[in-house]
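Report on one structure; see the data block that follows.
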Amino acid sequence: YFEGQEGYRLAIEDSLRKPGNLLRHIGSLTESHKTLGEKYDLDYYIPTRVNQNIQINSLYFPDIEPVMKKRDDKKELREIRYLPQKFWFKGSVLIYDNKVVTLSGAEEMMTVVIESETIAEAEKQKFDMLWELIGAAKKVSQPHF
């Protein structure tokens, strides 16, 4: 359990330690940027992740889409799919290896790290199910969720 901006930063930087890894991130990137700043993401986190050849699959809300359209997903080793805005929430979850990092919104600045193979695998499966459902919904005219 971490409180404050420093704890938030330490928890997510742990995701940069394993080259060639796949990260799964779901939630509000807008809110994450309120916590650490978009500059931190652009100047440190993304370049470090790319240098480590770490791919990220992101399920974000459409509020960030105009900002993300200006970026190069391929160059930044990122694939994004968008969640329905009606399910918007402030926090986010980062899943990798045997860890699930739950990040609160900016006003609380709380971070909880769960290190468990079983829990991480369950969260990966849930993420991957949403990932596939949203991908399939894009291919048909009416979403099925």
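The values are calculated or read from the model by the stated rules, or taken from the named source; none is laboratory data. Just so it is clear, the model here is predicted, and its values are computed rather than measured. Quick reminder, even Gly has a Cβ in these numbers, built from the backbone with ideal geometry, and neighbours come from all protein chains shown. Remember, those area values only see protein heavy atoms, side chains included, never the ligands or the DNA or RNA. Shrake-Rupley method; radii C 1.70, N 1.55, O 1.52, S 1.80 Å.
General remarks:
- Lysine pairs in the chain with Cα atoms under 18 Å, if 8 or more residues apart or on separate chains: 10
- Sequence of Y1, Y45 when ordered by accessible area, the most exposed leading, probe 1.4 angstrom: Y1, Y45
- Accessible area per residue in Å² at 1.4 Å probe, computed on the chain: 56
- Carbon + sulfur, % of accessible area of the chain - ligands and nucleic acids excluded, 1.4 Å: 55
- Computed magnitude of the charge dipole of segment 1-53 (debye, nearest 20; Cβ of K, R +1, Cβ of D, E -1): 240
- Secondary-structure-derived ellipticity at 222 nm for the chain, considering helices only, amounts to -10500 deg cm²/dmol, per-run term -39500 (n - 2.57) for DSSP H runs with n ≥ 4.
- About its Cα centre, the dipole of the chain is roughly 620 debye, where the only charges are +1 on Lys and Arg Cβ and -1 on Asp and Glu Cβ.
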